[in-house]
């Protein structure tokens, strides 16, 4: 039985894996069971992807790819931005859109992906999904949808709109106060 290398991705401590636009997404990834001497490059990306009817779409928000420079003839040590034995940190500011969405026909989800490219051509991949935004917590959108649904007259057509309301400081329509008299210019 052959051991399959792992690339655990761990987000910094949070109560949930839900983030808001503009938040900082940070964490670590580890290279478990991968021979560091045989790695040619490591790539970390933060991206969104769709799932559902139609084609799969995706967009890359952030990507870092580093090739490993092996020892050269001058005796310099290899240079890498990752450590195959300890955690490798990342910190990315999240964008304003697209927000995560879990609809019936389409889903939009965000993920952190780490790919390890080996010198022999093998590629190891691990992904960790998270949510960006929360469409259910948008009160204006929810209120607008409720208003649209309740404004229907039952046959799919919108009901008659309500008349505009009077300004708060305007006198009531049944007010007993007469309108101010117009003054005419004096003829001298």
What tally of residues in the stretch 1-28 results from selecting those that are modelled with pLDDT of 85 or more and closer than 26 Å to residue 101 by Cβ?
14
Consider the stretch 24-37. How many of its residues are surrounded by fewer than 15 Cβ atoms within 10 Å (Cβ to Cβ) and assigned to a loop (DSSP other than H, G, I, E, B)?
2
Members of the stretch 114-129 that are without any contact (Cβ under 8 Å) to a residue 24 or more places away in the chain and either within 16 Å of residue 56 (Cβ to Cβ) or in a strand (DSSP E or B) (or both)
123
List every residue pair whose Cβ atoms lie under 6 Å apart, where the two residues are 6 or more positions apart in sequence or sit on different chains, the first residue falls within the stretch 102-113 and is more than 12 Å from residue 133 (Cα to Cα), and the second residue, located anywhere, is surrounded by 20 or more Cβ atoms within 10 Å (Cβ to Cβ) and modelled with pLDDT of 95 or more.
112/46
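The values are calculated or read from the model by the stated rules, or taken from the named source; none is laboratory data. Nothing here was measured: the structure is a model prediction, and the numbers come from that model. A quick note on method: Cβ atoms are made from the backbone with ideal geometry, for glycine too, and the neighbour counts reach across all protein chains shown.
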